[in-house]
Amino acid sequence: MNTTAMASILVIEDDPAQLRLYSKALRGYRLTCVVNGTAALSSARESAPDLIILDHVLADGERGTEFLPRLKAVAAHVPIIMISGTLDIQGKLKALQGPQSAHYVLEKPVDIDELEKTVEVALTECGLGETIRVLQSLDRAEKRSGEEPDRRFTERLARQHELLKRLRGSDDRSNVSQLSRDFKVSRKTIIRDLRDLIQRHQLDPAVYPHWKDDLAEEE
């Protein structure tokens, strides 16, 4: 699989043994590892990841649950998997409830199969996928036509999300003409979508290294 096209995961964990486990289990993804919530906030501000794995007990006496609202403030669309061996039932429920909550809580010792499945679902269905479904629901409720800016924005975001899922699972570089046919839009639209994904650091430039030249030709 083309690793340059893989999703990025921010891992917030100070235990070297746990980090080795994540590196082995999630070797198909691009991992950025930090030891505390303060470093995580800085990393997320610089470049929002596709997923966050957050340990509850961190370096410097920090607690992952205390950083949930702050992480959501800088990356509200990014799904979060909380990892804990100390949270009781009430603590887990609190971490999973409300507008600034985690999507999942997994217990230590982490089951590798469960982690892999949870990461896959979180990347494809949670976060940005949820946001798109909310926007689509609002479009329907407001009866917005396809010509309205808000509706066009939702359609573009949904298309880009599908492009991400497709390209991250492919060994090939982007075939713009094929993508144009599959999504029933112009080549220029696809190139602009790929440009947006690359500039937002959601897609590695190696997946489509010639987007600037091709966009100039299309225009």
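Here are some notes:
- Output for the range 152-174, where each listed residue is over 20 Å from the mean Cα position of the chain (by Cα), basic (K, R) and modelled with pLDDT under 90: R173
- Tally, over the range 90-102, of residues that are surrounded by 12 or more Cβ atoms within 10 Å (Cβ to Cβ) and either in a helix (DSSP H, G or I) or out of contact with any Leu (no Cβ under 8 Å at 6 or more places or on another chain) (or both): 6
- Some residue of the range 24-43 being within 17 Å of the chain's Cα centre (by Cα), within 18 Å of D204 (Cα to Cα) and in a helix (DSSP H, G or I): yes
- Some residue of the range 73-89 being open to solvent by 50 Å² or more (accessible area, probe 1.4 Å), closer than 24 Å to R30 by Cβ, among the small types (G, A, S) and not in a helix (DSSP H, G or I): yes
- Enumeration of residues in the range 14-37 that are out of contact with any Leu (no Cβ under 9 Å at 6 or more places or on another chain) and among the polar types (S, T, N, Q): Q18
- Qualifying residue in the range 152-161 (condition: touching a residue at least 12 places away in the same chain (Cβ under 8 Å) and open to solvent by 60 Å² or more (accessible area, probe 1.4 Å)): yes
- Of the residues D113, D88, the single one that is charged (D, E, K, R), without any contact (Cβ under 8 Å) to a residue 60 or more places away in the chain and more than 26 Å from A7 (Cα to Cα) is D88.
- Filtered by the rule that a residue be over 16 Å from H161 (Cα atoms) and out of contact with any Lys or Arg (no Cβ under 7 Å at 6 or more places or on another chain), the range 130-145 gives S137, L138, R140, A141, E142, K143.
- Answer residue from the range 3-21, given it is touching a strand residue (DSSP E or B) at 6+ places or on another chain (Cβ under 8 Å) and more than 19 Å from A102 (Cβ to Cβ) and is modelled with the highest pLDDT among those: L19
- Scanning the range 148-162 for residues that are assigned to a helix (DSSP H, G or I) and farther than 28 Å from L10 by Cβ yields P149, D150, R151, R152, E155.
- Residues of the range 190-204 that are surrounded by 13 or more Cβ atoms within 10 Å (Cβ to Cβ) and either within 20 Å of L123 (Cβ to Cβ) or without any contact (Cβ under 8 Å) to a residue 12 or more places away in the chain (or both): D193, L194, D196, L197, I198, H201, Q202, L203, D204.
- Residues that are open to solvent by less than 60 Å² (accessible area, probe 1.4 Å) and basic (K, R), drawn from the range 33-72: K72
- Residue match in the range 124-147 (condition: outside any loop (DSSP other than H, G, I, E, B), touching a His at 6+ places or on another chain (Cβ under 7 Å), of a type outside the set (A, V, I, L, M, F, W, C) and open to solvent by less than 50 Å² (accessible area, probe 1.4 Å)): yes
The values are calculated or read from the model by the stated rules, or taken from the named source; none is laboratory data. Note that the coordinates shown come from a computational prediction; the quantities given were computed from them, not determined experimentally. Neighbour counts are summed over all protein chains in view; Cβ atoms, including those assigned to glycine, are modelled from backbone coordinates with ideal geometry. Only protein heavy atoms, including side chains, enter the accessible area calculation; ligands, DNA and RNA are left aside. Shrake-Rupley method; radii C 1.70, N 1.55, O 1.52, S 1.80 Å.
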